[in-house]
Amino acid sequence: NEPVVRIYKKATVPTKPKSPIDLDTFLNHKKPHLSFVVIGHVDAGKSTLMGRLLYDVGAVDNKLIRKLKRESEMIGKSSFHLAWVMDQTAEERNRGVTVDICTSDFETKDSTFTIVDAPGHRDFVPNAIAGVSQVDVAVLSIDCSTGAFESGFNLDGQTKEHTILARSLGVRHIIVAMNKMDSVDWYEGRFLDIKFELTNFFEDMGVKSEQVSWIPCSGLSGEGVFDKEYPIGQTWYKGPTLVQRLEQISQSLYNNEHREIVEKPFLFSTFDVTPGSKPNEATLFGRVESGHIQAGETVTVYPSEQSVLITQVLAGNNQAPAAAAMKGDFVTLKVRNAFAEDINKGDLVAVVGYDIKSAQEFTAQVLTFNLDRPLLPGTPLMFFRGSNEQPARVKRLISLVDKADPSKVIKKKIRHLGSNQLAIIEIELIEKKRRIPMLTISENKQLGRIVLRKEGRTVAAGVVKTLDL
Ligand code: GDP
């Protein structure tokens with residue numbers, strides 16, 4: 001089944017927005033926006049925590065909660081109704097369409113948020129990669145109930161792998177939700193013991209202490225999540241709740257972002273594509289990776305290089321028309337002059353004049369994880385970048401570099417890579433027909449990040465340095 005390669009004519013002249021906005025005024029009136037993903041071990045209480053959060057901030061209506069409560073009581077698991085909230089809202093929004101990433105938006109007095117989730121595959125690492133690639137913050141749910149932390153963490157569980165991914169994929173902050181604290185009567189000793197062990201692990205991973213927050217909470221009963229008071233026994237923690245901490249981070253990140261939104265070119269990654277009602281129309285759902293865009297502007301979709309006209313920008317849970325979309329926003333772009341069959345999830349979209357190359361070979365700086373066997377030239381791998389996934393191989397090992405200062409070469413002429421080494425290597429994508437638009441880390445801090453897996457385990461993560469064209 002040979003793919004037909006169609007040649008499109010790439011636009012070279014930009015088109016103007018239909019109703020141009022004054023960007024500075026728009027930004028000054030916009031609430032800060034933050035996206036986050038909830039990671040952690042199976043059964044760490046992630047779904048319950050997300051459901052609780054959405055319910056308590058008022059993002060789900062009582063009717064849905066009552067319905068889920070009835071259904072969960074019917075199977076004798078009344079606590080499950082909260083865990084179902086996320087999946088239920090996702091299902092309603094994406095009726096019949098299977099997507100890797102889905103989002104739920106909610107709003108507080110001072111900020112707007114997007115929760116990124118992988119419905120149905122929450123414990124599947126490639127989905128965690130796709131999710132974690134798209135967010136500013138990771139909420140790491142830790143099951144603090146007796147015995148659970150020990151099994152989830154020390155047995156090389158998902159807690160570890162997800163945290164390493166969050167660190168490698170450029171997440172700016174990790175909030176550790178010390179969850180299920182109700183099950184240990186909010187005992188401070190338990191909190192401190194787990195915090196101590198995790199802190200050591202974060203240090204080994206190179207995560208700085210100012211990039212981590214610790215919040216005791218219970219998704220099930222709701223304390224520490226939004227505004228529910230802690231029980232009387234909990235007197236030792238006086239910090240913010242999970243949502244309050246998210247608000248603080250959103251404010252501090254947003255203040256630095258204005259210039260980037262105004263000055264950087266528009267870039268967008270596509271998570272989902274649907275053909276429109278007319279033959280030349282399409283609907284693209286994804287995230288604005290840099291800059292901003294408005295209806296009326298022309299953009300080019302890579303790798304097919306078709307230029308399309310944006311007819312509408314839709315945002316929020318209800319996907320309502322928006323005046324513009326900015327860096328960090330999860331939006332739907334309705335486009336015209338498109339050939340939807342040639343647009344795929346993982347495609348990148350850029351403003352006219354910004355060219356994105358599709359390289360089959362590139363040089364990357366990667367940190368290896370704990371390896372059973374060393375990586376050699378020729379070792380087959382799976383390559384991940386956002387929601388792109390492709391077979392690849394190590395083409396060449398170039399050098400080992402210093403972890404504290406990657407510009408320092410420690411050793412050249414290396415024959416293999418062992419565990420926990422930082423190296424410069426050449427990677428080759430094997431399926432030549434499936435082109436992937438690539439950006440280096442200096443071009444984009446998010447899209448320049450990659451993960452390498454082998455036989456279902458993450459073996460390395462890092463950044464693209466140069467494309468070998
Ligand atoms: P996930 O697999 O990480 O999404 O975990 P779930 O949200 O499905 O929760 C796993 C189990 O832990 C379920 O039986 C929940 O009822 C229970 N659970 C979740 N959150 C809490 C909590 O805050 N306290 C207690 N005691 N149990 C919880």
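Among Thr25, Ala44, Met86, which residue has its Cα furthest toward the positive end of the charge dipole of region 1-90, with +1 on Lys/Arg Cβ and -1 on Asp/Glu Cβ?
Checking the options against the dipole of region 1-90, the answer is Thr25.
Enumerate the lysines that Lys228 could reach by cross-link, defined here as Cα to Cα under 29 Å, with residues fewer than 8 away along the same chain left out.
Cα-Cα hits under 29 Å: Lys30, Lys31, Lys46, Lys63, Lys67, Lys69, Lys77, Lys109, Lys180, Lys195, Lys238.
For region 430-469 and region 70-89, what is the centre-to-centre distance using only Cα atoms, to the nearest Å?
Taking the Cα centre of each part, region 430-469 and region 70-89 sit 39 Å apart.
For region 1-74, what is the charge dipole size about the Cα centre, in debye to the nearest 20, if Lys and Arg each add +1 at the Cβ and Asp and Glu each add -1 at the Cβ?
On the way: 14 positive and 8 negative charges, 70 e Å.
Here the size comes out at about 340 debye.
May I ask for the longest run of the chain untouched by chymotrypsin sites (Phe, Trp or Tyr not before Pro) that are loop-located per DSSP and have at most 13 neighbouring C-beta atoms (other than their own) within 10 Å?
Details: sites that count: Phe124, Trp236.
The longest uninterrupted stretch comes out as 237-469.
Roll a 1.4 angstrom probe over the protein heavy atoms and tell me the percent of accessible area of the chain that is carbon or sulfur. Intermediate results must be reported in sequence, preceding the final value.
Values: 10890 of 21500 Å².
Its accessible area is 51 percent carbon and sulfur atoms.
Name the lysines eligible as straight-distance cross-link partners of Lys412: C-alpha to C-alpha under 23 Å, and not fewer than 8 places from it in the same chain.
Leaving aside lysines fewer than 8 places away in the same chain, those within reach of Lys412 are Lys395, Lys403, Lys465.
For Lys345, which lysines qualify as cross-link partners when the Cα separation must be under 22 Å and same-chain residues fewer than eight apart are set aside?
Answer for Lys345, where 22 Å is the Cα cut-off: Lys9, Lys10, Lys278, Lys327, Lys334, Lys357, Lys432, Lys433, Lys445, listed by chain and number.
Roughly how much of Thr25 is accessible, in Å² to the nearest 10, using a 1.4 Å probe?
Result for Thr25: roughly 70 Å² accessible.
Per residue, what volume in Å³ does the convex hull of the Cα atoms of the chain enclose?
Numbers: hull volume 74.8 nm³, N = 469.
So the per-residue Cα hull volume is 159 Å³.
Distance between Cα centroids, region 170-203 to region 248-314: provide it in whole Å.
After rounding, the separation between the Cα centres reads 37 Å.
For the pair Arg70 and Asp185, what calculated FRET efficiency results from E = 1/(1 + (r/R0)^6), where r is the Cβ-Cβ distance and R0 = 35 Å, to the nearest 0.05?
Details: r = 30 Å, r/R0 = 0.87.
Result of the calculation: an efficiency of 0.70.
Counting only Cα atoms, I'd like the Rg/Rh figure for region 342-400, Kirkwood definition for Rh.
Values: Rg = 14.8 Å, Rh = 14.2 Å.
Computed over Cα atoms, the ratio is 1.04.
At 222 nm, what value in deg cm²/dmol follows for the chain if DSSP H runs of at least 4 each add -39500 (n - 2.57) and the sum is divided by all its residues, to the nearest 500? Show your work: numbers first, answer last.
Values: 10 runs with 108 residues, N = 469.
Computed mean residue ellipticity for the chain: -7000 deg cm²/dmol.
Excluding ligands and nucleic acids, what accessible area in Å² is computed for Glu263 using a 1.4 Å probe, to the nearest 10?
The accessible area of Glu263 comes to roughly 120 Å².
Over region 309-407, what is the relative contact order in percent, taking alpha-carbon pairs closer than 8 angstrom and at least six residues apart? Please list the in-between numbers first.
Working: 83 pairs, mean separation 16.5, N = 99.
It rounds to 17 percent for region 309-407.
For the chain, what is the relative contact order in percent, using Cα pairs closer than 8 Å and at least 6 residues apart in sequence? Present the calculation step by step, with values, prior to reporting the outcome.
Working: 1043 pairs, mean separation 68.0, N = 469.
RCO, the chain: 15 percent.
Please find the FRET efficiency linking Asn318 to Leu376, where r is the Cβ-Cβ separation and R0 is fixed at 56 Å, and quote it to the nearest 0.05.
E between Asn318 and Leu376, to the nearest 0.05, is 0.60.
In nm, to one decimal, how far is the modelled label at Glu203 from the one at Ser151, with both set 7 Å along Cα→Cβ?
Result for the modelled spin labels: 2.9 nm.
Obtain the radius of gyration and the Kirkwood radius of region 361-469 from its C-alpha atoms and give Rg over Rh.
Numbers: Rg = 12.8 Å, Rh = 13.8 Å.
Reported Rg/Rh (Cα atoms, Kirkwood Rh): 0.93.
Rounded to the nearest 0.05, what FRET efficiency is calculated for Arg415 and Asp227 with R0 set to 35 Å and r the Cβ-Cβ distance?
Working: r = 58 Å, r/R0 = 1.66.
So the FRET efficiency works out to roughly 0.05.
Could you give the accessible area per residue of region 363-469, probe 1.4 Å, as a whole number in Å²? Please report the intermediate quantities before stating the final value.
Details: 5270 Å² over 107 residues.
Result: 49 Å² of accessible area for each residue.
The values are calculated or read from the model by the stated rules, or taken from the named source; none is laboratory data. Quick caveat, the model's predicted, so the values are computed rather than measured. Heads up, the Cβs are rebuilt from the backbone with ideal geometry, glycines too, and the neighbour counts pull from every protein chain shown. All accessible areas refer to the heavy atoms of the entire protein, side chains included, with ligands and DNA or RNA removed. Shrake-Rupley method; radii C 1.70, N 1.55, O 1.52, S 1.80 Å.
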